[in-house]
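The values are calculated or read from the model by the stated rules, or taken from the named source; none is laboratory data. All values derive from a computational prediction rather than experimental measurement. Because the Cβ atoms are built from the backbone with ideal geometry, glycine has one as well, and the counts that use them run over all protein chains shown.
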Amino acid sequence: MNIIVCAKQVVEISEMKIDSSTNKPILSGLDKKVNDIDKNAIEEAIKIKDKTGGKITVIMVGEPDVKERMKELLAMGADEGILVNSPGDLDYSQLTTLLSGAIKKIGDYSIILCGEASTDMFSGQVGPRLAGMLDISQITYAQKIDATKDNVTGERNLGDTVVTLESSYPVLITVTKEINEPRLPSLMQILASASKPILEWSVDDLDVTLEQKVLTTDLQGISMDRKNEIYKDDSDDSIQKLVDNLAKDGVLR
Amino acid sequence: MQLELNEQQKMIQKMVREFAEKEVAPIAAELDEKEEYPIKTLEKMSKLGLLGVIIPQEYGGAGLDTISYEIVVEEISRKCASTGVVTSVHNSLAAWPIMKYGTEEQKKKYLPILAKGEKIGAFAATEPNAGSDLGAMATTAVLKGDKYIINGDKTFITSGPVAGIIIIFAVTDKEAGAKGISAFIVESDMKGYKVGSIFEKLGINASQTSELIFENMEVPKENLLGAEGDGFKIALKTLDGGRIGIAAQAVGIAQAALDESIEYSKQRQQFGRPIAKFQAIQWMIADMATSIEAARLLVLNAAYKKDQGSGRYSKEAAMAKLFASETAMDAVLKAVQIHGGYGYTKEYTVERLFRDAKITEIYEGTSEVQRMVIAGSLLR
Amino acid sequence: MVLVYSDNKKLAFELLSKAAEISKETKNEVIAAIIGKNDETYAKELVSYGADKVYIAENESETTKAEEYCEILENIITETKSEIILIGSNKNGKEIASRLAGKLNAGCVIDATDVSLDAGKVTVKRVVYSGNAISVQQFQTTPAIITVPSKVFDPIDADSSRKGKIEKKAISPKKSTSTITNISEKVTGDVNVEEAEIIVSCGRGFKDKSDIKLADELATALKGKTVGCSRPIAADLKWLPEDHWIGLSGHKVKPKLYVAAGISGQIQHIAGMRDSSVVVAINKDADALIFNSADYGIVGDLYSVLPKLTKAIKEKMG
């Protein structure tokens, strides 16, 4: 069974600071990593492959430095990587068009796996948008997947209900963080990843036209100013000080 | 000349760092307090290949270079010095001598077990009356038929209580002095092998250290490691490699001390501002960071030299161990100072780091011995 | 035309007010869609909340089914030539909106916190980078598909005298290759963290499910009743139903007072409670991230701090 996983490189948001003079988030100099939930997608792909056999292809769109992230996913257990060289800032229409073009170029597949959303933007648009573009069925927010050679069952967590869907192939599934625990690659797997292929495709290699539908016109930083009055112990004195402060702030009715 | 980790080494560092943060760090304080051996952590590490880093792939290990290995030891030690030393001893002091001096049968028999972490490895040379002066060891090994009968006490043995495969040293020819010492591969279930008392220590409490008592212990003659009389040489050469591991452990401890100090000084406010704004603190941080950088480079240098294959890296290993351990001591002293009163309480990590750092100046060759080795290599 | 759709009635009513506002500007009609069950009462309610026209598209699946429901909306959009589509932002809404955008190759913004017209262009705002920034985005083409979460807009007062056209639409979407095989209700309490004014939240620092009562007692002493939690408590340990879960993939809250007990303060949790007026953190790890996002903090074991704090609060409040 051919499994395709779409993954994204994101910045380490916990390190993000706001530039106080421009009031914009500082995006440069941040560590980069694979979107956490995409690792859950790869882990799920590996579990399916262990059960049904097949091949896992990872697709990522970005600049050449994204190859480092690709290698991490190959070390986890993906078989092959495809990097689509990105021509700059893309909106979701352009991004998904590239992904869809790459998938059409790959050809045959049974399952496309994506993370439910990426931690930087948290839209969750790419997965189902791609399913719409490819006109295949979709199972989103899956907290559990059971795949056989002929079909797949997915449990969707909708908050107050759990809806179970069964679908034949091809199908696109987006997974939540709760679905599994992504493995750390062993030393042997890290060594083996060096010989796994990473193909690089440009926009011209794919038969697509890119059109911008949404333009980001501004990015305004939100800084959280907190008092940070921390009492270093739980003495009665500290507790009393805290209660007095809360009363002063008017939160005790 | 390249002073940067290659891509593969970076991936290894990333994996071990993530493992250490997720699995090692959360339990480090508890293991230290309970003096509990990190057996569950070691099981998880073995699945990732971290107990067979340098063991050749044909025997089930990862067959990696020494630099990659030292990265593993540093990253683990950064979160738990105890787990770090257990890892180092297992790889450098137990597996390595078998790799280097073992017969094909011995390698086939023992290396896969160590690589998979099915048994923990240890190294038993030190005795109550033979520490820096290893040549004064009194444990005897007498060949009787197809077995060596071994009698003696070993002390301060890391992982002593739990080790399954132990490299031990005993005198086979009393008249020959240092050249009369031989090395053996011993298994803990051999007749006459006993674990003695477990020490209550100042630090690295999760790494259980004990005496080993051999009472007419019966060791098959096939378990002689190297030839009779090779033991002292094997011990010293093995310790050279072990020293690089301890140096890496010390760098890990020092780095942890620096990490904690930076975090704390940014948060702690006195006189209306974070103490990170005060020059006294800034200079301490600067000095710590500089020494750690230097120590790390010495470790990488020794590791690199070892991998060149000439067999001559004792000086570099000694320099790394000497400098890194003294750096670690200095770093933890500064770290506790930066934390003030809070650094003296068990609620703060630096308290444990302070207790852990000291041993790095003592075991696997005291700083005095390291100075002897370095001077010896220069003043021959 | 502005089209409004949600499988959640309350959300639909909220979106209608914004739709009406935009339509006034563009002098167009507001259309609402009902998919699944033929619900005339609901259709009339939609009219009373601002819809000029309601299309009811019955479907054999009364539970939202992405492929079929998406096709139905596509059909309605094409027929009405709707240019702005507002969809309620729950999981179903987001997946339908995104799929729809893929089908129509239209612009789409998920979880908009503001929708307006700027020189005729649809402009939206959304929170990005786990709450660190607001992104302002402008649609360059129509249709513009936007999903809006609850409480971003307030519904207008329902006016039952409002007139609107209710029309049944027989749309038979292509049967998809997937089917719903089971729907099970999850155990939920009656907690609504999103509306709560006072929340005491539990994290991994709690060692046992029964210890959550310590948080409960504090919440009661504070005259609030709401206990929240971080991801591990709801999703991994399942000590509390997911409606208590506060975080990036959980609920977003804006209470007057938020007490985080035994919560480490990962960015994904902070994203859920950033808008709290006053934040108090209790954690025995002095280095815990939560202290960076707190107005007040106590470094201590929650098992000793919570009872002490509860007692002190009771005394203060008399």
Study note, to complete from the structure: Of (1) more than 14 Å from every other protein chain (Cβ to nearest Cβ); (2) within 19 Å of the chain's Cα centre (by Cα), C:Asn59 satisfies every one except (2)
**Study point:** Residues that are outside any helix (DSSP H, G or I), without any contact (Cβ under 8 Å) to a residue 40 or more places away in the chain and within 19 Å of B:Ala248 (Cβ to Cβ), drawn from segment B:310-367
**Key:** B:Ile362
Check your understanding: How many residues are closer than 17 Å to C:Glu14 by Cα and within 8 Å of chain A (Cβ to nearest Cβ) if we restrict to segment C:98-125?
Key -> 2
Review point. Going through segment A:18-37 one residue at a time, which ones are within 12 Å of chain C (Cβ to nearest Cβ), in contact with a Gly (Cβ under 9 Å, 6 or more places away or on another chain) and farther than 23 Å from A:Ile179 by Cβ?
Key: A:Ile18, A:Asp19, A:Thr22, A:Asn23, A:Lys24, A:Pro25, A:Ile26
Exercise for review: Return the residue satisfying two criteria in turn: it lies in segment C:303-318 and is assigned to a helix (DSSP H, G or I) and more than 9 Å from every other protein chain (Cβ to nearest Cβ), and of such residues it is farthest from A:Lys241 (Cα to Cα).
Suggested key: C:Tyr303
Check your understanding: For segment C:205-222, what are the residues that are touching a strand residue (DSSP E or B) at 6+ places or on another chain (Cβ under 7 Å) and surrounded by fewer than 19 Cβ atoms within 10 Å (Cβ to Cβ)?
Key -> C:Asp216
Point to revise | Whichever residue in segment C:79-92 is buried (at least 24 other Cβ atoms within 10 Å of the Cβ) and outside any loop (DSSP other than H, G, I, E, B) and, among such residues, is farthest from the other protein chains (Cβ to nearest Cβ) | key: C:Leu86
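In segment B:68-85, is there at least one residue being closer than 22 Å to B:Gln308 by Cα, of a type in the set (Ser, Thr, Tyr) and not assigned by TED's automatic domain parsing to the domain that holds B:Ile362? Before the answer, list the steps.
Applying the first criterion (closer than 22 Å to B:Gln308 by Cα) to segment B:68-85 yields B:68-74.
Subsequent filtering for residues that are of a type in the set (Ser, Thr, Tyr) retains B:68-69.
Keeping just the survivors that are not assigned by TED's automatic domain parsing to the domain that holds B:Ile362 gives B:68-69.
Among the residues of segment B:68-85, at least one is closer than 22 Å to B:Gln308 by Cα, of a type in the set (Ser, Thr, Tyr) and not assigned by TED's automatic domain parsing to the domain that holds B:Ile362, which makes the answer yes.
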Exercise for review: Please enumerate the residues belonging to segment C:28-52 that are closer than 19 Å to C:Thr78 by Cα and surrounded by fewer than 19 Cβ atoms within 10 Å (Cβ to Cβ).
Suggested key: C:Asn28, C:Glu29
Point to revise | Residue check, B:Gly135 in a helix (DSSP H, G or I) and under 27 Å from B:Ser197 (Cα atoms) | key: yes
Practice item. Name every residue in segment C:156-172 that is touching a strand residue (DSSP E or B) at 6+ places or on another chain (Cβ under 9 Å) and either at the interface with chain A (Cβ under 7 Å from one of its Cβ atoms) or part of a loop (DSSP other than H, G, I, E, B) (or both), in order of residue number. Key: C:Gly164, C:Ala170, C:Ile171
**Study point:** Scope segment A:195-220; condition of a type in the set (A, V, I, L, M) and more than 14 Å from chain C (Cβ to nearest Cβ); matching residues
**Key:** A:Ile198, A:Leu199, A:Val203, A:Leu206
Study note, to complete from the structure: Counted residues in segment C:97-109 being among the β-branched types (Val, Ile, Thr) and either in contact (Cβ under 8 Å) with a residue 40 or more places away in the chain or outside the structural domain of C:Val122 (by TED's automatic domain parsing) (or both) come to 0
**Study point:** Options C:Leu11, C:Leu3; residue that is closer than 29 Å to A:Ile139 by Cα, in a helix (DSSP H, G or I) and either under 21 Å from the mean Cα position of the chain (by Cα) or of a type outside the set (S, T, N, Q) (or both)
**Key:** C:Leu11
Review point. Within segment C:255-285, can you find the residues that are more than 10 Å from chain A (Cβ to nearest Cβ) and modelled with pLDDT under 90?
Key: C:Asp285
Practice item. Just need a number here: residues in segment B:25-46 that are touching a helix residue (DSSP H, G or I) at 6+ places or on another chain (Cβ under 7 Å), without any contact (Cβ under 8 Å) to a residue 60 or more places away in the chain and within 12 Å of another protein chain (Cβ to nearest Cβ). Key: 2
Practice item. Report yes if some residue within segment A:166-182 is within 17 Å of A:Leu74 (Cβ to Cβ) and more than 9 Å from chain C (Cβ to nearest Cβ); otherwise report no. Key: yes
**Study point:** segment B:47-65, residues that are without any contact (Cβ under 8 Å) to a residue 60 or more places away in the chain, touching a helix residue (DSSP H, G or I) at 6+ places or on another chain (Cβ under 6 Å) and surrounded by fewer than 24 Cβ atoms within 10 Å (Cβ to Cβ)
**Key:** B:Ile54, B:Tyr59, B:Gly60, B:Gly63
Review point. When you look at B:Glu293, is it within 14 Å of chain C (Cβ to nearest Cβ) and assigned to a helix (DSSP H, G or I), yes or no?
Key: no
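State which residue is surrounded by the most Cβ atoms within 10 Å (Cβ to Cβ) when the search covers only segment B:187-229 and only residues that are polar (S, T, N, Q) and in contact (Cβ under 8 Å) with a residue 24 or more places away in the chain.
Ranking the candidates gives B:Ser207 first.
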Practice item. Check every one of the strands (runs of 3 or more DSSP E) wholly within segment C:176-238 and list those with 3 or more residues that are over 22 Å from the mean Cα position of the chain (by Cα) and either within 11 Å of another protein chain (Cβ to nearest Cβ) or closer than 14 Å to C:Tyr303 by Cα (or both). Key: C:178-185
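Among the candidates A:Asp38, A:Asp65, single out the residue that is assigned to a helix (DSSP H, G or I) and modelled with pLDDT under 95.
Going through A:Asp38, A:Asp65 in turn, the sole match is A:Asp65.
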Point to revise | Members of segment B:315-343 that are surrounded by fewer than 21 Cβ atoms within 10 Å (Cβ to Cβ) and within 13 Å of another protein chain (Cβ to nearest Cβ) | key: B:Gly340, B:Gly341, B:Tyr342
Practice item. Could you please let me know if A:Ile145 is surrounded by fewer than 22 Cβ atoms within 10 Å (Cβ to Cβ), touching a residue at least 60 places away in the same chain (Cβ under 8 Å) and part of a strand (DSSP E or B)? Key: yes
Study note, to complete from the structure: Of (1) under 24 Å from A:Ser123 (Cβ atoms); (2) part of a loop (DSSP other than H, G, I, E, B); (3) in contact with a strand residue (DSSP E or B) (Cβ under 6 Å, 6 or more places away or on another chain), C:Lys254 satisfies every one except (3)
Revision key, fill the gap. The condition from (1) crowded, with 24+ Cβ neighbours inside 10 Å; (2) more than 10 Å from every other protein chain (Cβ to nearest Cβ); (3) modelled with pLDDT under 95 that A:Gly107 misses is numbered (1)
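Being under 20 Å from the mean Cα position of the chain (by Cα) and not aliphatic (A, V, I, L, M) narrows it down to one of B:Ser188, B:Ser159, B:Ser182, so name that one.
Numbers: B:Ser188 fails: under 20 Å from the mean Cα position of the chain (by Cα); B:Ser182 fails: under 20 Å from the mean Cα position of the chain (by Cα).
Going through B:Ser188, B:Ser159, B:Ser182 in turn, just one is under 20 Å from the mean Cα position of the chain (by Cα) and not aliphatic (A, V, I, L, M): B:Ser159.
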Check your understanding: Looking at segment A:209-253, which of its residues are touching a Gly at 6+ places or on another chain (Cβ under 8 Å), hydrophobic (A, V, I, L, M, F, W, C) and buried (at least 17 other Cβ atoms within 10 Å of the Cβ)?
Key -> A:Val214, A:Ile230
